[in-house]
Amino acid sequence: MDEITSGLDSENALIVMKLLKKMCVSLRVAAAVVIHQPSMEVFERFDRLVLLSRGRSIYSDKLSGLPTFYDDVLQHKMPETHHIPTDLLRHASNWECQLSNSAPSDSVPIVNDRHAGRDAKQDSSAGVGEETMSTNGSKSQPPSQHGTSDLPETSPELFTSSRELQAFTAPQVSMFWKFRTVFSRNLQNHYVRNLTNLAARLVIYGSTSLSVSLIFWDIGNIDDDPSTMNEQARYVVGAGLFLSQCSFLLPFSQISTFFFDKSVFASESALALYPSWMYSVSQFLLEAWVLALASLVQTTIAKPMMSLSNPAWSESESFFTLLAFFIISGLTGNALILLTCMVAFSQDLGFLLGCTVVTISLAASGGFVPFAIIPESIRWLQWISPVKYSLQIFIMALFDGTDTTIVQALDLDVPSDITHNILVLIFMFALCAVTTIVTMSFQREVR
């Protein structure tokens, strides 16, 4: 935050800083603040200080370390408490003047330092203290209060022209470190600091599965009578369609989160801090474990209540196949909604576009209307419907190896096995992910 107390009198400036400090403590967030000529009452509200002069970090540590800074670096006696902010700014100004006098008028020293700027900054989140180092590895000496006589002689190698300085860039940061930063930020913002939302999602997934399971109670308990077997199997297909539908509709609850990440990337894209794939991949990874946990809840509820077991398989095989069905369906639905959010210009439009895509996918899945009845001109939509492949995984998991012929009767046998259907959904997930990354790379902040 830049100069948030500018234009305020001392009383209101103190009120603003008290509110900011209270918000940081209660929400467990950090705030970096640029402030000019603070009073001691305002100064005491900060936890850490970054004091800059001419783009160099003079001090970067907790306020409690100032006595050591005065003794070891400034070699001055620390003033009385109410004079500390003014005295620090005076030293920063003197330091800058001495550097200016020691260098040619058209050049400035290059310093390896992670901080930049010309103002004195106070920071409630800054990192550890550090010594300023010159490019030749020697420690910069503190200025004397009696002028520049105590400054060391400066070699020409420490200086460069202003044109060369403008072309100077900081050392490259590894891609792993950048990805870890984006991943950790999303983890903290959306999950660690928002446990209520995470718990609500799990409750919604569980309650939805419970409702569907109560409606289709014991639906998978099919008689061995061949005359009624396929008719009863159709009811199981209907139950599977509703469970597939849940996996593609419940990700709509994350639309606001997806748009938030989109706005964050757009605001940071101008600075080229992180590539677009980092935002997308971190979001997919974080959503994957949440969806895996939600799928476990769904499977644990739906399998026993709806009697979803394949008599030709063991109970463990049936359980883990249904779990895979929920996970891959949820991931594909999540990727589809994230893509629509990246394409849409607003949250409302993203919701409308997502509803349209999922509705068409459900209609073309073959679960509501057999493919033979769908007009041939639009029958091709089945091949791009992720719900179709999700539904086929479900019914194959229940009827594979049995005498039931419902899979062939509804033409839900292409691809003909569970593995290939899962691979198709993985391909759709990957295609949505890559398209999302490409789309995000074109996002720009609109002010």
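The values are calculated or read from the model by the stated rules, or taken from the named source; none is laboratory data. Quick caveat: nothing in here was measured; it's all calculated off a predicted structure. Glycine also receives a Cβ, built like all others from the backbone with ideal geometry; neighbour counts cover every protein chain displayed. For the accessible areas, the whole protein counts, side chains as well, though only heavy atoms, and no ligand, DNA or RNA atoms are used. Shrake-Rupley method; radii C 1.70, N 1.55, O 1.52, S 1.80 Å.
General remarks:
- Among the listed pairs 303/388; 22/62; 22/262, those with a Cα-Cα distance over 26 Å are 22/262.
- Label positions at residue 8 and residue 263, each projected 7 Å from the Cα along the C-beta direction, are separated by 2.3 nm.
- Sequence of 180, 379, 201 from largest to smallest accessible area, 1.4 Å probe: 180, 379, 201
- Heavy-atom surface of the range 10-100, accessible at 1.4 Å and reported per residue (Å²): 53 Å²
- Over the range 198-325, relative contact order from alpha-carbon pairs under 8 Å, at least 6 apart, %: 45 percent
- Note, ³J(HN,Hα) from phi for the range 366-381, Karplus 6.51, -1.76, 1.60, rounded to Hz, x at Gly and Pro: x, x, 7, 10, x, 4, 5, 8, 5, x, 4, 5, 10, 5, 5, 4
- On the range 10-100, 53 percent of the accessible area sits on carbon and sulfur atoms, based on a 1.4 Å probe.
- Across the accessible surface of the range 175-442, with the other protein chains kept in place and a 1.4 Å probe, carbon and sulfur atoms take up 69 percent.
- Amide H contacts under 5 Å for residue 31: 124, 125, restricted to partners 5 or more places along the chain or on a different chain, H placed in the peptide plane at 1.01 Å from N.
- Mean Cβ neighbour count within 10 Å, used as a protection proxy, ranking 194-200, 36-42, 336-342 highest first: 336-342, 36-42, 194-200
- Sites residue 441 and residue 289, calculated FRET efficiency, Cβ-Cβ separation with R0 30 Å, nearest 0.05: 0.70
- Proximal charge balance of residue 82 [Cβ under 12 Å; K/R count +1, D/E count -1]: -4
- A simple rule links phi to the HN-Hα coupling: the Karplus curve 6.51 cos²θ - 1.76 cosθ + 1.60 with θ = phi - 60°, which for the range 390-397 gives 5, 5, 5, 4, 4, 6, 5, 5 Hz, with x for Gly and Pro.
- Near the amide H of residue 44, within less than 5 Å, lie no amide hydrogens of residues on another chain or at least 5 residues away, with H placed in the peptide plane.
- Per residue, the average separation of C-alpha pairs within less than 8 Å and at least 6 apart gives the range 175-442 a relative contact order of 26 percent.
- If you plug the beta carbon distance of residue 411 and residue 349 into 1/(1 + (r/R0)^6) with R0 = 45 Å, you get a FRET efficiency near 0.80.
- Note on exposure: 250, 353 ranked by accessible area (1.4 Å probe, complete protein assembly) read 353, 250, with the most exposed listed first.
- For the range 405-421, 3J(HN,Hα) per residue [Karplus equation, 6.51 cos²θ - 1.76 cosθ + 1.60, θ = phi - 60°, Hz, x = Gly/Pro]: 10, 5, 4, 6, 5, 9, 6, 9, 10, 10, x, 8, 9, 5, 4, 5, 5
- Rolling a 1.4 Å probe over the protein heavy atoms gives the range 174-226 an accessible area of 61 Å² per residue.
- Estimated distance in nm for a label pair at residue 203 and residue 25, the labels positioned 7 Å out from Cα along Cα-to-Cβ: 3.0 nm
- Over the range 346-390, accessible surface divided per residue gives 54 Å², non-protein components excluded, 1.4 Å probe.
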